[in-house]
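Notes follow once the structure below has been shown.
The values are calculated or read from the model by the stated rules, or taken from the named source; none is laboratory data. Here the structure is a predicted model, which is why all the values come from computation and not from measurement. FYI the Cβ positions are ideal-geometry reconstructions off the backbone, even for glycines, and counts take in every protein chain you see.
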Amino acid sequence: MAWYLVEIRYVQEKLADVRPRHRDYLKEHAAAGRVAVAGPLADDSGGVTLWQAEDEAALAELIDNDPYALEGVVAERTVREFKPVLGDWVPAQG
């Protein structure tokens, strides 16, 4: 399993309508341990989600099925693998 930092920029015109479905989707994945943290940027131009997935292909399937992706809210997306070392939710390193 790996962690991925996903940042998106919003298509503002579609944001308000789709946001509740997007948040429900993320809540489902947070409950399953796949999302550690998620939220909008302070200026609401986009958002950041920290995902855990088997690999980039599995991650792509998860984020491509997000209502934001399915309903055209994502104007731009960047994905970077993330290596957490600190935080209460980070497993202890052996």
What is the one condition in (1) out of contact with any Lys or Arg (no Cβ under 6 Å at 6 or more places or on another chain); (2) part of a strand (DSSP E or B); (3) more than 13 Å from L15 (Cα to Cα); (4) not basic (K, R) that E76 does not satisfy?
-> (1)
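Residues are listed down the side, and each one gets a yes or a no for (1) closer than 19 Å to M1 by Cα; (2) at pLDDT 95 or above; (3) surrounded by 11 or more Cβ atoms within 10 Å (Cβ to Cβ):
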{"position": "A69", "(1), (2), (3)": "no, yes, yes"}
{"position": "P84", "(1), (2), (3)": "yes, no, yes"}
{"position": "D88", "(1), (2), (3)": "yes, no, no"}
{"position": "G94", "(1), (2), (3)": "yes, no, no"}
Could you please find all residues in the range 1-24 being among the aromatic types (F, W, Y) and either under 14 Å from L62 (Cβ atoms) or without any contact (Cβ under 8 Å) to a residue 24 or more places away in the chain (or both)?
-> W3, Y4
Residues of the range 25-56 satisfying the condition of being touching a residue at least 24 places away in the same chain (Cβ under 8 Å), on the phi < 0 side of the Ramachandran plot and more than 12 Å from the chain's Cα centre (by Cα) | S45, E54, D55, E56
